[in-house]
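Engineer: First, the structure itself, so that you have it in front of you.
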């Protein structure tokens, strides 16, 4: 009996000890050839007894890892050692990682086991040598004020300005957010947001679920030759694979993004897996959206990997999002403090976003990999608007004021061959083909005369677009390690635009020189082109009684990027980086007669201009600035990030007057930090505090011409004083508290957080608009103090 009791106690204690640990699983690849590495050693730092050897597919498993933040060291003869820090090990879910090893410059040299560098200091794309930053999904969920939105995470990086609590537009180094290229699994996609409308590049809520993302890249200048048709920056997103060993589930609820559920697990006999997640927004009833209306949105994402077979590796991925909101004017206060609604108007808005693809990876010889992706994406929205005349009087009348529908779609095919020619030379060549179409129709009374004498502005068809074009982008580039200290990345991107039959060739180059083992100098140059946005290209103009698209022959906008940077790891887990840049832009679209308009200013509000026809490609602009990043990667229970950007953004319209662009904040400063505390009897649970402080110069805007607005009955801006006035500086503080509880008996974990956003309730300016009801210019402030919260259960 005593023996039985002792045996049972021993088993219980053993089970508890095991349950308080987690598992790290991952894949090792050659960073140049992208092929798996077998027989490499993976060791848990701090526990020499936990070691694994990668199999033929480069896969490894570290079991019995203590919960909490962990670091692994990867070593293999002939390769540089690599460390992967900040791995968040929990009892409820396996930690899945991917590690790419770089072959030693001299493959015969002896490998010395050291702590190595910090991989997070380098982008995932090895060809991106300047102005590039790797980010992880874990960061999205960790930082205060993030709302589970990768775009808001990017706003913490040097060179990025948002300064808008209500939308997640990404402004990079003074460029319009329309200059950003979004990529998913190697193919371009539309702006991945809910409540997206024609002309908007951001929204209050992202349709991207960060829990499905792999470590990805954010590039702000002089991007490598594989990226094209963008002049502002690149958000290159990848999806992670599901757990190929066992089934795992996650359920949760949060103010942002709402209810969520996720499942993943093994699929088939070839090491395949599936990963799927759905979310349903519940923001409106809780009053956290900055509007009086109820926003409704949901999205579903998946990534299905069939594993490695004789014909290579096939996978399928996709995102589908829908949203709608009814903005009822009479729910709005008279002073117009609602961010998106006005007192005399009812709006009914629906939108949808989708992106789907099939990906194939095939080994070609011993040192080459061919990746091909075929995809389809679309962005749709409708808007119905009713206007109340003689509001709140016996003569009050409601009429249909506007009605519009747009559909943007594209078919995409991408194929890239990556070849490792030697330990010193890597070559990559590829082709991207896009077939783009846009259908848009809008009837509107805005700014129309009363020609039929019914007492109301005429109902006029302002937009009737039906256009398409194709873009062909071949490219080739290489990375050559000239010496152990000197690396050259160079290539040529070419682009053919069918609408105007223009062909351009764009040289790209970046040089990295290692001053010491811990510091380096970087130089980059890139020539980039981007077509004028489709809503402008397909505008119709009445020419002698015939509707013609007078903008479709506009040139591609041209931009040259120059970058110089210095990077140093001055202490363990500490990194500092300084970059200076200059961007010269020409061939922007402007009007034929002297005005302040330029296509470089589009994207600063909720829609593209509808009256800018017969444009010419004679506009110019420039962006210049200097940035500092000081970062403490997570170790010893804390992390920190300080980014500062000081910049200038100017443009010239056809009047040849240099003006501030609407994105010329002048400066942006972000300070973030976090601390984790191990708590509980066995120190297996975690309490964390994260804080964020952001300040930025106010954006420039065009003031309202009040007398003209009153006389016309609608808002009129003083274009002769375009972007001559500046909003007050932006300031915001966020603080986030979180608990993570790891089960002592089963594979499960609980996470709780509360995020106090704009904790000081600062009144940051959203806009200054003409109020038709009061006939005054009203200042509308952004969202004030806003609590966010969330709970997640993993098992």
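Engineer: Hey, does the stretch 626-634 have a residue that's out of contact with any strand residue (DSSP E or B) (no Cβ under 9 Å at 6 or more places or on another chain) and modelled with pLDDT under 95?
Structural biologist: Scanning the stretch 626-634, I find no residue that is out of contact with any strand residue (DSSP E or B) (no Cβ under 9 Å at 6 or more places or on another chain) and modelled with pLDDT under 95, so the answer is no.
Engineer: Further, regarding this structure: Could you please find all residues in the stretch 199-218 being farther than 22 Å from residue 532 by Cβ, in contact (Cβ under 8 Å) with a residue 40 or more places away in the chain and not in a helix (DSSP H, G or I)? Please lay out each step first, then the result.
Structural biologist: Here is the first cut: in the stretch 199-218, the residues farther than 22 Å from residue 532 by Cβ are 203-218.
Add one more test, that the residue is in contact (Cβ under 8 Å) with a residue 40 or more places away in the chain, and what stays is 204-218.
204, 205, 206, 207, 208, 209, 213, 214, 215, 216, 217, 218 - these are the residues of the stretch 199-218 that are farther than 22 Å from residue 532 by Cβ, in contact (Cβ under 8 Å) with a residue 40 or more places away in the chain and not in a helix (DSSP H, G or I).
Engineer: Still on this structure, I have one more. Among the candidates 709, 688, single out the residue that is out of contact with any helix residue (DSSP H, G or I) (no Cβ under 7 Å at 6 or more places or on another chain) and at pLDDT 95 or above.
Structural biologist: Working: 709 fails: at pLDDT 95 or above.
Step by step, each of 709, 688 is checked, and only 688 is out of contact with any helix residue (DSSP H, G or I) (no Cβ under 7 Å at 6 or more places or on another chain) and at pLDDT 95 or above.
Engineer: Then there's this: Just to check your reading of the model, which residue among 66, 39, 52 is surrounded by fewer than 21 Cβ atoms within 10 Å (Cβ to Cβ), assigned by TED's automatic domain parsing to the domain that holds residue 97 and over 28 Å from residue 313 (Cα atoms)? Step through it out loud before you land on a result.
Structural biologist: Values: 39 fails: over 28 Å from residue 313 (Cα atoms); 52 fails: over 28 Å from residue 313 (Cα atoms).
After applying the criteria, what remains is 66.
Engineer: Please go through the stretch 503-541 and give me each residue that is without any contact (Cβ under 8 Å) to a residue 24 or more places away in the chain and either buried (at least 22 other Cβ atoms within 10 Å of the Cβ) or under 25 Å from the mean Cα position of the chain (by Cα) (or both), ordered by number.
Structural biologist: Across the stretch 503-541, the qualifying residue is only 509.
To keep it simple, each residue is scored yes or no on (1) in contact (Cβ under 8 Å) with a residue 24 or more places away in the chain; (2) assigned to a strand (DSSP E or B); (3) at positive phi.
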site: 223; (1), (2), (3): yes, no, no
site: 230; (1), (2), (3): yes, no, no
site: 241; (1), (2), (3): yes, no, no
site: 244; (1), (2), (3): yes, no, no
site: 256; (1), (2), (3): yes, no, no
site: 264; (1), (2), (3): no, yes, no
site: 273; (1), (2), (3): yes, yes, no
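Engineer: A further question on this structure: Might you let me know whether the stretch 85-96 holds any residue that is touching a strand residue (DSSP E or B) at 6+ places or on another chain (Cβ under 6 Å) and modelled with pLDDT under 85?
Structural biologist: yes
Engineer: Could you please find all residues in the stretch 617-635 being touching a residue at least 40 places away in the same chain (Cβ under 8 Å) and more than 29 Å from residue 522 (Cα to Cα)?
Structural biologist: Matches in the stretch 617-635: 617 only.
Residue-wise test of (1) more than 22 Å from the chain's Cα centre (by Cα); (2) in contact (Cβ under 8 Å) with a residue 12 or more places away in the chain; (3) assigned to a strand (DSSP E or B); (4) within 27 Å of residue 529 (Cβ to Cβ).
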| position | (1), (2), (3), (4) |
| --- | --- |
| 612 | yes, yes, no, yes |
| 643 | no, yes, yes, no |
| 650 | yes, yes, yes, yes |
| 665 | no, yes, no, yes |
| 672 | no, yes, yes, no |
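Results for (1) within 25 Å of residue 656 (Cβ to Cβ); (2) within 22 Å of the chain's Cα centre (by Cα); (3) part of a strand (DSSP E or B), shown as yes or no for each residue.
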site: 691; (1), (2), (3): no, yes, yes
site: 711; (1), (2), (3): no, no, no
site: 720; (1), (2), (3): yes, no, no
site: 723; (1), (2), (3): yes, no, no
site: 734; (1), (2), (3): no, yes, yes
site: 738; (1), (2), (3): no, no, yes
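Engineer: Can residue 767 be described as modelled with pLDDT under 90 and part of a loop (DSSP other than H, G, I, E, B)?
Structural biologist: Here the answer is no, as residue 767 does not meet what is asked.
Engineer: Can you tell me how many residues within the stretch 161-186 are buried (at least 24 other Cβ atoms within 10 Å of the Cβ) and part of a strand (DSSP E or B)?
Structural biologist: Of the residues in that region, 5 qualify.
Engineer: Same structure again: Test each condition in (1) over 23 Å from residue 738 (Cα atoms); (2) assigned to a strand (DSSP E or B) for residue 252 and report the one that comes out false.
Structural biologist: Just one mismatch for residue 252, condition (1).
Engineer: Output the number of the condition that residue 467 fails; it satisfies all remaining conditions of (1) surrounded by fewer than 17 Cβ atoms within 10 Å (Cβ to Cβ); (2) in contact with a helix residue (DSSP H, G or I) (Cβ under 8 Å, 6 or more places away or on another chain).
Structural biologist: Result: residue 467 fails condition (1) only.
Engineer: Considering every residue within the stretch 699-707, establish whether at least one is out of contact with any strand residue (DSSP E or B) (no Cβ under 9 Å at 6 or more places or on another chain), under 30 Å from residue 89 (Cα atoms) and surrounded by fewer than 17 Cβ atoms within 10 Å (Cβ to Cβ).
Structural biologist: no
Engineer: May I pose another question? Can you pull out the residues in the stretch 740-761 that are outside any strand (DSSP E or B), over 26 Å from the mean Cα position of the chain (by Cα) and surrounded by 15 or more Cβ atoms within 10 Å (Cβ to Cβ)?
Structural biologist: Here is the first cut: in the stretch 740-761, the residues outside any strand (DSSP E or B) are 743-748, 758-761.
Retained after the next criterion (residues that are over 26 Å from the mean Cα position of the chain (by Cα)): 743-748, 760-761.
Of everything in the stretch 740-761, those that are outside any strand (DSSP E or B), over 26 Å from the mean Cα position of the chain (by Cα) and surrounded by 15 or more Cβ atoms within 10 Å (Cβ to Cβ) turn out to be 743, 744, 747, 748.
Engineer: Counting only residues that are assigned to a loop (DSSP other than H, G, I, E, B) and modelled with pLDDT of 95 or more, which one in the stretch 589-604 is farthest from residue 440 (Cα to Cα)?
Structural biologist: The qualifying residue farthest from residue 440 (Cα to Cα) is 594.
Engineer: Does residue 607 fit the bill of being closer than 25 Å to residue 202 by Cα, modelled with pLDDT under 95 and buried (at least 19 other Cβ atoms within 10 Å of the Cβ)?
Structural biologist: No; evaluated as a whole, the condition is false for this residue.
Engineer: If residue 586 satisfies every condition in (1) in contact (Cβ under 8 Å) with a residue 60 or more places away in the chain; (2) more than 22 Å from residue 670 (Cα to Cα); (3) not in a loop (DSSP other than H, G, I, E, B) but one, which is the exception?
Structural biologist: Going through the list (1) in contact (Cβ under 8 Å) with a residue 60 or more places away in the chain; (2) more than 22 Å from residue 670 (Cα to Cα); (3) not in a loop (DSSP other than H, G, I, E, B), residue 586 breaks only (1).
Engineer: Further question: Among 350, 361, 393, which is the only one that is in contact with a strand residue (DSSP E or B) (Cβ under 8 Å, 6 or more places away or on another chain) and over 30 Å from residue 420 (Cα atoms)?
Structural biologist: Result of the check over 350, 361, 393: 350.
Engineer: Would you mind finding the one in 415, 351 that is closer than 29 Å to residue 300 by Cα, modelled with pLDDT under 95, in a strand (DSSP E or B) and out of contact with any helix residue (DSSP H, G or I) (no Cβ under 8 Å at 6 or more places or on another chain)?
Structural biologist: 351
Engineer: Starting from residues that are at pLDDT 80 or above and within 21 Å of residue 766 (Cα to Cα), keep the ones in the stretch 332-348 and report whichever is farthest from the chain's Cα centre (by Cα). So that I can check it myself, show each step before the final result.
Structural biologist: As a first pass, look at the stretch 332-348 and keep what is at pLDDT 80 or above: 342-348.
Those left that are additionally within 21 Å of residue 766 (Cα to Cα): 342-347.
Details: 342: 30, 343: 33, 344: 35, 345: 33, 346: 31, 347: 28 Å.
The selected residue is 344.
Residue by residue, here is whether (1) at pLDDT 95 or above; (2) in contact with a strand residue (DSSP E or B) (Cβ under 9 Å, 6 or more places away or on another chain); (3) surrounded by fewer than 19 Cβ atoms within 10 Å (Cβ to Cβ) holds:
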position: 226; (1), (2), (3): yes, yes, no
position: 230; (1), (2), (3): yes, yes, no
position: 246; (1), (2), (3): no, yes, yes
position: 255; (1), (2), (3): no, yes, no
position: 273; (1), (2), (3): yes, yes, no
position: 281; (1), (2), (3): no, yes, no
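Engineer: Consider residue 457 carefully, then state whether it is modelled with pLDDT of 90 or more, buried (at least 19 other Cβ atoms within 10 Å of the Cβ) and assigned by TED's automatic domain parsing to the domain that holds residue 713.
Structural biologist: Judged against the criteria, residue 457 is a match.
Engineer: Scan 432, 421 and give me the residue that is surrounded by fewer than 16 Cβ atoms within 10 Å (Cβ to Cβ), over 29 Å from residue 164 (Cβ atoms) and in contact with a strand residue (DSSP E or B) (Cβ under 9 Å, 6 or more places away or on another chain). Show your work before the answer.
Structural biologist: Numbers: 432 fails: surrounded by fewer than 16 Cβ atoms within 10 Å (Cβ to Cβ).
Selected residue: 421, the only one of 432, 421 that is surrounded by fewer than 16 Cβ atoms within 10 Å (Cβ to Cβ), over 29 Å from residue 164 (Cβ atoms) and in contact with a strand residue (DSSP E or B) (Cβ under 9 Å, 6 or more places away or on another chain).
The values are calculated or read from the model by the stated rules, or taken from the named source; none is laboratory data. What you see is a predicted model, and the numbers here were worked out from it, not measured in a lab. When we count neighbours, we look across all protein chains shown, and the Cβ atoms used for this are built from the backbone with ideal geometry, even at glycine.
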